[in-house]
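The values are calculated or read from the model by the stated rules, or taken from the named source; none is laboratory data. Just so it is clear, the structure is predicted and the values come from calculations on it, not from any experiment. Cβ: placed from backbone, ideal geometry, glycine included. Neighbour counts: every protein chain shown. What goes into the accessible areas is simple: the full protein's heavy atoms, side chains included, and nothing from ligands, DNA or RNA. Shrake-Rupley method; radii C 1.70, N 1.55, O 1.52, S 1.80 Å.
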Amino acid sequence: MPSVKPKPASLLLLAVVSLCRAAEPPSVKTEVLPITATISDDADIQKVIMPLAAEIKATFDQPLVQAPQGLLRGRRGEENLLGYWVADVMRQSAQGVLGSPVRFAITNAGGLRSNLRPGQVKVADIFELMPFENELVVIELTGAEVIQAVRESIIRRGGEPCSGVRAVVEGTPEKAELKVTWEDGTPIDPAVTVKVATSDYLYGGGDSIPSLKKGRKPFTTGLTLRQILLDQCGSLAKGRKELLPPPPGRYTIPVPIQEAIRDKKFSL
Amino acid sequence: MERRDFLASLGAATLASHLSLGAAEAPASGRITLLHTNDTHSRIEPFGPGNGNLSGLGGVSRRATLVRQLRAQLGPVLLLDAGDTFQGTPYFNRYKGRLDYQLMRMVGYDAGTLGNHDFDNGVGLLVEAMESMEKLQHKNPPFPFVNCNFDFKGAPDLAKRVRPYLVREFPGLKVGITGVGVAFAGLVAPKNHEGIGWRDPYESLRPVVQRLREVEKVDLVVVLSHLGYNLNGTAPDDLQMPGQVPGIDAVVGGHTHTFLDTPTRVPQARGETLVFQVGFGGVNLGRMDFAVAHGTLRAASGSALPLLG
């Protein structure tokens, strides 16, 4: 940091003011006080919180929507249909907030902490699936950067859950080729700029997709991923619809290459 | 260093006249403890298990107990918050911030400022949350909000509730408190900050700090900042603030969820500024003590006073 060199005039004013104050307040003690369980609860505040906490807990048991097949992250070699649903909801919510098209969404499978089992989905199930406070963020990427993000996610995780594109890997672990198109099969113009929905976690450089850090014009929506999933379940139920898994087919990766990815012996 | 040399050369006459006046009027000394939080994000209850090293920490009710104990021990205390009280738990989704602000009043906050997430439900619901806090029946007074770099012209209900600065007097010491908020672009949807403009925080702070020093004659200037600790030169932040705005003694920071063990001491044209931030979610309470001695040459030279126990 450059040192500030006051001009003589301001210095004079400054000095006189200082003398009027006749004091430069030095700190005498600073510390961080952790709020731990050793500190007892304040009775008055507990009286306010307790019934509200009970109310919040009661909402956890509220039924949201029927999911007759469940939504599963997929076992080895299977696609992560739960993740695809989350990415679809992210893209759709981002479009709603922005009021303009969002072409691509990507999240990290590691952030989805449980499957949605077949049957009634409750509020608590969505909290279990998404316990983090991650926020929906919209950024701008070029088509080339979208392809690169998909490539990175394949190399590190065998393809992170995404929405809006189809990725096909062909060839062998030693010599592989990646083709990425928009979901309708049309080619991605590397130079085009598109809106991309992701989480603040991935945009911040956490986890598997470093290209997302390059995102421009970030828009933090203030919506947690959990909240948009809760809202989506609510609106499905309102429309008397069931929660069904999206169709597979977003990543097509030959088994030998999937194994090479798991063994961390794959580059693309 | 330059300042000290200049003071030495200023001449004993000027100095003496100020000192003799001061000695007759002013009390010998004053002290104050600043207690502070930032980015509490609707963490009403402690973090549950499965939250890593934050598990089991925090909770408004424990914070209230700690604050009460410290007030009893320390006497003059200001309890301050640097914004982003809203968003993060089902409590916010359900109670829209009303509960957060009401509990802050019960804990005994003296002042707060606005972070980007406090606009998450729009200006209307932010005002409603403030209003519900004002109307609460409680022995603690409603706490005020400070900000000097938002232009509230198009949002009169919020303008009424946020003042550019406030002054609090304690025995032997006057404290001026102001606040600054982060730019809305990329953080707050346009519809949620309708009618509110954002101005450069440094430019907004300069006249306010000057007024606090020269007109209000405060001894200590505190900025509640929701700019962020260190943005590496990409936008105004707390670490650069002291170099840009001389005369600030303490920055109670937020926004970047930065866990500091001690405040960062940033040199500035008039001494140094303590820049502090204590993580997020109410897991910590920050503490900064200040002591001011009136009319002593030693204090005027800017050297440190003895520690208070």
* State the percentage of accessible surface on the protein assembly as shown attributable to carbon and sulfur atoms; use a 1.4 Å probe and exclude ligands, DNA and RNA. => 55
* Asked: How are the Cα pair distances of chain B distributed, in percent, across 10 Å bins from 0?
  -> 6, 27, 35, 21, 8, 2, 0
* Structure fact -> Note: B:274-280 gets an average of partner chain Cβ contacts (10 Å, Cβ to Cβ) equal to 2
* Using Cα pairs under 8 angstrom and six or more residues apart, how large is the relative contact order of segment B:31-306, in percent? -> 21
* Viscosity 1.002 mPa s, 20 °C: Kirkwood-radius Stokes-Einstein D of segment A:128-237 over Cα pairs, µm²/s -> 142
* Structure fact -> Rounded to one decimal in Å, the inverse mean reciprocal Cα-Cα distance for segment B:194-286, i.e. its Kirkwood radius, is 13.8
* Return the inverse of the average 1/r over all pairs of distinct C-alpha atoms in segment A:42-146, which is the Kirkwood hydrodynamic radius, in Å to one decimal. => 16.3
* B:248, A:39, reordered so the largest accessible area comes first (probe 1.4 Å) -> A:39, B:248
* To do: Go ahead and estimate [θ] at 222 nm for chain B from helices alone: -39,500 (n - 2.57) per DSSP H run with n ≥ 4, summed, over the residue count, rounded to 500.
  => -8500 deg cm²/dmol
* Helix B:201-214 axis, angle to chain B major axis (alpha carbon atoms, nearest 10°) -> 50
* Förster-model FRET efficiency, 41 Å R0, residue A:168 and residue B:153, C-beta, rounded to 0.05 -> 0.15
* To do: Working with all protein chains in place, sort A:240, B:105, A:103 by solvent-accessible area computed with a 1.4 Å probe, largest first.
  => A:240, A:103, B:105
* Asked: What does the accessible area of residue B:255 come to, in Å² to the nearest 10, when a probe of 1.4 Å is used?
  -> 40
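For the protein assembly as shown, give the share of DSSP beta bridges that are antiparallel, in percent and rounded to the nearest 5; count only bridges with both residues there.
65
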* Asked: Which three lengths, in whole Å and largest first, does chain A cover when its Cα atoms are put on their principal axes?
  -> 78, 53, 40
* Asked: What is the helix-to-structure angle for B:122-135, meaning the angle in degrees between its Cα long axis and the longest Cα principal axis of chain B, kept from 0 to 90 and rounded to the nearest 10?
  -> 70
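Hey, got a sec? Which trypsin sites (Lys or Arg not before Pro) in segment B:129-188 land in a DSSP loop and have at most 14 other Cβ atoms within 10 Å?
Numbers: sites: B:135, B:139, B:153, B:160, B:161, B:168, B:174; in loops: B:139, B:153, B:160, B:161.
Counting only loop positions with at most 14 other Cβ atoms within 10 Å, the trypsin sites (Lys or Arg not before Pro) in segment B:129-188 are B:139, B:153, B:160.
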* Asked: Which value in nm describes the separation of the simple spin-label points at residue A:189 and residue B:74, placed 7 Å from the Cα toward the beta carbon?
  -> 6.0
* Asked: Between residue A:241 and residue A:38, how many nm apart are label points set 7 Å from Cα along the C-beta direction?
  -> 5.4
* For residue B:137 and residue A:54, what does the FRET efficiency come to when R0 = 35 Å and r is the distance between their Cβ atoms, rounded to the nearest 0.05? -> 0.95
* To do: Just the number, please: percent antiparallel of the DSSP beta bridges in chain B, rounded to the nearest 5.
  => 50
* Asked: At a probe radius of 1.4 Å, what is the per-residue accessible area of residue A:179, in Å² to the nearest 10?
  -> 100
* What angle, in degrees between 0 and 90 and rounded to the nearest 10, separates the Cα long axis of helix B:60-74 from the longest principal axis of the Cα atoms of chain B? -> 20
* Asked: Roughly what would the spin-label model give for residue B:235 and residue B:200, points 7 Å off Cα along C-beta, in nm?
  -> 1.7
* P(r) weight above 48 Å for the protein assembly as shown, C-alpha pairs, percent -> 21
* Euclidean distance of C-alpha centroids, segment A:136-162 and segment A:65-88, integer Å -> 19
* Asked: Which residues does a label at residue B:191 reach in segment A:98-121, if reach means a backbone N under 15 Å from a point 7 Å past the Cα toward the Cβ?
  -> A:98-101
* Asked: Which order do B:289, A:184 take by accessible area at a 1.4 Å probe, largest first?
  -> A:184, B:289
